[in-house]
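**Student:** The structure follows.
The values are calculated or read from the model by the stated rules, or taken from the named source; none is laboratory data. Quantities reported herein were computed from a predicted structural model and do not represent experimental measurements. Please note: Cβ atoms are built from the backbone with ideal geometry, for glycine as well, and neighbour counts cover all protein chains shown. Just so you know, the surface numbers come from the protein's heavy atoms only, side chains and all, with ligands and any DNA or RNA stripped out. Shrake-Rupley method; radii C 1.70, N 1.55, O 1.52, S 1.80 Å.
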Amino acid sequence: MAFKDRSESTELKIMRALNARSNLSPKEKKYYFKLEKGYQGELMFDLLTEKLQSDIFVINSLCLEINDTVFQIDTLIIKQDTIYPFEVKNISGDYFYDSEGFHKISGNDIINPLDQIKRSKLLLSQLLQNPGYTIPIRPTIIFINPSFTLYQAPLNQPIIYPTQINGFMKEFDRTPSKLNDRHKKLAERLISLHSNKSPYPDRLPTYEYRNLTKGIVHPKCNSFMVSDGEKVVVCEKCGDVESIESAILRTVEELKFLFPDSKITTSLVHEWCRVIKSKKMIRRILMKNYKAIGYGRWFYFE
Ligand SMILES: [Zn+2]
């Protein structure tokens, strides 16, 4: 079992919401699909790390900050003598490598993952240096997509290609490891440092509340849901049913990550969800699930 479960980055959650609630430009859409694809790759890697039997801590989607620099580690595994950060790449197609990096044979270059892991190794070691950890850090790049090919692949680099993954995981699991309390403290410390900030805030499009389509989005198919009676909402496209309470809470969470500074009030949630007629019901659900703060005009939920 993972020491920390995977969750979508705030960046992906925002782009998903904007994709459903606004008209993204082709460039923004491309960026959004890239994030979704990356996340799918991480989930594929999770299926492999879940099978590991040795005594290890698996920490998924860790976002750390040091000196105002935010960096992301897709998967971090703590073993007895080493910390292994993994950078998972879910790209497909034919690429070639030269001294300047990774290039797509027909298309755009990708950010050099070797530079990426060098950077995160440096930042991670800086972060861990303070309390005097001396455990070595060995980053690895995993190309998870079976239809990825790299020509002129560099030798002696910590890169695992699709055809090597199974063997690598077996070998990784075979190296003995025995964890103790010190490892646990390290894992807990890293998780306590996890930040929800985006490492690339300037890659997000700008958006405003008034320009976004209001309503309850069905996460499975990105369509809007309509209310059906007093207890449930139904997806217009696929017909899935969800309880009003769960749909409202989900939609409030969306409001919170899209607009972290806004105060959650009954009126705001009523407008944002659009299809829930009863303000009383919204208020009751908010009262039950959030902490009410203030009174009268200044009443809001946290
Ligand atoms: Zn649906």
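**Student:** In this structure, does residue 154 turn out to be at pLDDT 95 or above and either closer than 16 Å to residue 65 by Cα or loosely packed, with under 14 Cβ neighbours inside 10 Å (or both)? Can you show your working first?
**Tutor:** Details: at pLDDT 95 or above: no; either closer than 16 Å to residue 65 by Cα or loosely packed, with under 14 Cβ neighbours inside 10 Å (or both): yes.
No; evaluated as a whole, the condition is false for this residue.
**Student:** Next question, about the same structure. Among the residues of segment 243-253, is there at least one that is surrounded by fewer than 14 Cβ atoms within 10 Å (Cβ to Cβ), in contact (Cβ under 8 Å) with a residue 12 or more places away in the chain and not aromatic (Phe, Trp, Tyr)?
**Tutor:** yes
**Student:** Give all pairs with beta carbons closer than 6 Å in which a residue from segment 140-156 that is β-branched (Val, Ile, Thr) meets a residue that is in a strand (DSSP E or B); count only pairs at least 6 apart in sequence or on separate chains.
**Tutor:** Note: pairs meeting the criteria are 140/86; 141/87; 141/159; 142/86; 142/88; 142/160; 144/88; 149/94.
**Student:** Scan segment 72-129 for residues that are in a loop (DSSP other than H, G, I, E, B) and either open to solvent by less than 70 Å² (accessible area, probe 1.4 Å) or within 20 Å of residue 3 (Cα to Cα) (or both) and jot them down.
**Tutor:** 79, 80, 81, 82, 90, 91, 92, 107, 112
**Student:** A further question follows. Report the residue count in segment 284-293 for those that are more than 12 Å from residue 252 (Cβ to Cβ) and surrounded by 12 or more Cβ atoms within 10 Å (Cβ to Cβ).
**Tutor:** 4
**Student:** Determine which single condition residue 265 fails, assuming it passes every other condition in (1) open to solvent by less than 50 Å² (accessible area, probe 1.4 Å); (2) more than 25 Å from residue 14 (Cβ to Cβ).
**Tutor:** (2)
**Student:** Consider segment 243-262. How many of its residues are in contact with a Cys (Cβ under 7 Å, 6 or more places away or on another chain) and within 13 Å of the ligand (Cβ to nearest atom)? So that I can check it myself, show each step before the final result.
**Tutor:** Within segment 243-262, the subset in contact with a Cys (Cβ under 7 Å, 6 or more places away or on another chain) is 248, 251.
Among the residues that remain, those that are also within 13 Å of the ligand (Cβ to nearest atom) are: none.
Counting residues in segment 243-262 that are in contact with a Cys (Cβ under 7 Å, 6 or more places away or on another chain) and within 13 Å of the ligand (Cβ to nearest atom) gives 0.
**Student:** Here's something else I'd like to know. Filter segment 198-242 down to the residues that are away from the ligand (no atom under 16 Å from the Cβ), charged (D, E, K, R) and surrounded by 15 or more Cβ atoms within 10 Å (Cβ to Cβ) and list them by number. Show your work before the answer.
**Tutor:** Step one: of segment 198-242, the residues away from the ligand (no atom under 16 Å from the Cβ) are 198-212, 214, 229-231.
Within this subset, residues satisfying the condition of being charged (D, E, K, R) are 202-203, 208, 210, 214, 230-231.
Listed by number, the list holds a single entry, 214.
**Student:** Failed condition for residue 260, given (1) assigned to a loop (DSSP other than H, G, I, E, B); (2) open to solvent by 30 Å² or more (accessible area, probe 1.4 Å); (3) closer than 24 Å to residue 16 by Cα; (4) touching a residue at least 40 places away in the same chain (Cβ under 8 Å), with all others met?
**Tutor:** (4)
**Student:** Is there a residue being of a type in the set (Lys, Arg) and under 21 Å from residue 257 (Cα atoms) anywhere in segment 22-34? Break it down stepwise before answering.
**Tutor:** Just the residues of segment 22-34 that are of a type in the set (Lys, Arg), to begin with: 27, 29-30, 34.
Keeping just the survivors that are under 21 Å from residue 257 (Cα atoms) gives 29, 34.
So far as segment 22-34 goes, yes, one or more of its residues are of a type in the set (Lys, Arg) and under 21 Å from residue 257 (Cα atoms).
**Student:** Okay, next question. Which of the residues spanning segment 174-197 are touching an Asp or Glu at 6+ places or on another chain (Cβ under 7 Å) and of a type in the set (D, E, K, R)? Write out each step before concluding.
**Tutor:** Kept after step one, since they are touching an Asp or Glu at 6+ places or on another chain (Cβ under 7 Å), are these residues of segment 174-197: 177-179, 195, 197.
Correct list: 178, 197.
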